[in-house]
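What follows is calculated from the coordinates using simple rules that are stated; it is not laboratory data. Values in this document were obtained by computation on a predicted structure and should not be read as measured data. Every residue, glycine as well, gets a Cβ built from its backbone with ideal geometry; the counts of neighbours run over all protein chains shown.
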Amino acid sequence: MIEEIRHSNKIIAIIIRSGYNEQGIHFFTPNDFSQQLAYMSHPAGHVIGAHYHNPVPREVIYTQEVLVIRRGRLRVDFYDGARNHFESRELEAGDVILLASGGHGFEVLEELEMLEIKQGPYCGDRDKTRFEGNPTRPMTDAKEK
């Protein structure tokens, strides 16, 4: 239900499939990631204490983003730092993916609704380098549903 996509021993993405269900709080990201991803499941009556977040200066070097698939199907193609395609995965409604590093491209396989969550502020064209993707390898079928 949880899959890490790695290349050269570096985490490229973390996928949480829609069927994942564990009691409590589970963080999937290392503490040094600029985007933190957790799953929480609590019974009725559980209390999460009131709190606010303190201003803590942080430096974000690379944008990491989270996609939440609400409806449809999406193929995600993963690229290494030299822009070479090395793997693909298919996501469907309820799946969540953290894109942590490397390159990525997408193909919508069924009409899609998704949410994208990433750090700001948005820097326009300075935020990304576009390149011609070419997913020439067949899709790796590692879906763990």
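In table form, for the structure just shown:
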{"quantity": "Which of TYR52, TYR122 has the fewest Cβ neighbours within 10 Å, and the rest in rising order", "calculated": "TYR52, TYR122"}
{"quantity": "Dipole of the range 52-119, positive direction: furthest Cα of ALA93, THR63, VAL76, with charges on the beta-carbon", "calculated": "THR63"}
{"quantity": "Residue with peak Gaussian network fluctuation, the chain [Cα springs, cutoff 10 Å], from THR29, THR129, THR63", "calculated": "THR129"}
{"quantity": "Highest average packing first - 100-106, 67-73, 21-27, Cβ atoms within 10 Å", "calculated": "100-106, 67-73, 21-27"}
{"quantity": "Globularity index of the chain, i.e. its alpha-carbon radius of gyration over 2.2 N^0.38 Å", "calculated": "1.13"}
{"quantity": "Most mobile of ILE117, ILE16, ILE48 in a GNM of the chain (Cα contacts under 10 Å)", "calculated": "ILE48"}
